[in-house]
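As structure tokens, the structure follows; a few thoughts come after it.
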Amino acid sequence: MSTILPKLLIDDMLLHKNIAANKMGNILEAIEQSKKEKMTRTASVGNNKLINLLTSMLQTLNMRVKDDNVQEVVNNVNKIGNTENDLNKSASINKDSKERRDDIKIVSKSIKDSHYQVDVSKDIIQKSGKKMIMVSCYARDAYLGRYLIKRNYFYTEDRNTFADNAYDEILTKVAAIKDRYYNEIIDVGGIFTQLKQSLDGVISEIEIKEDSLGTTVRR
């Protein structure tokens, strides 16, 4: 008989969140460095150079911008005053009064099916004197520890309300999926599909989206 031994497993969610934070840190650093460079060309040409650079970086880092509007993201980041300078080479996840974290467990009704755990969190990312808010949703198979869905949504500091709304929206949607499963409206195989569809509807300025194939683990 298989058992779950969560205390013996390493919780690597922080590692995945740090990887996402460092990706955003690269974007913030590029925006900040562009302001410090002394452009010999016109401001318009310099701005186009930055947009092209960020567009290429976003594609390389598997990051998506809402409506592909990179210029709007740059404007939103730059209109927020710089925080104290930081010298870290990598982005940091700050412990802040705004941070939040919840986890929802969906325990299978059948011994042959896997359990699911959905972790939702909100953190403040800081790099190059700038801050972004990151809302994360990670769903994993509780037996194998395999992540099925990893989503990170980013918001500029002045859009904290939007970040909180997205966080609450994710919690509500996950709770609804759990309820539909226990009320036999969907089967265990529908959990992944409905969770993916729900998360596709969450809006942010920048998103990192990583999904694995939704397969039900049979034991």
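Observations
- Separation of the alpha carbons by more than 21 angstrom is noted, of LYS23/LYS105; LYS35/LYS209; LYS66/LYS196; LYS79/LYS127; LYS130/LYS196; LYS112/LYS173, for LYS23/LYS105; LYS35/LYS209; LYS130/LYS196; LYS112/LYS173.
- Seen from ASP179, the other residues with C-beta closer than 15 Å to its C-beta sum to a net charge of +3, counting Lys and Arg as +1 and Asp and Glu as -1.
Bear in mind these aren't lab numbers, they're just calculated from the coordinates by the rules spelled out. Everything numeric in this text was worked out from a predicted model, so none of it was measured. Using ideal geometry, Cβ is built from the backbone for each residue, glycine included, and neighbour counts are taken over all protein chains shown.
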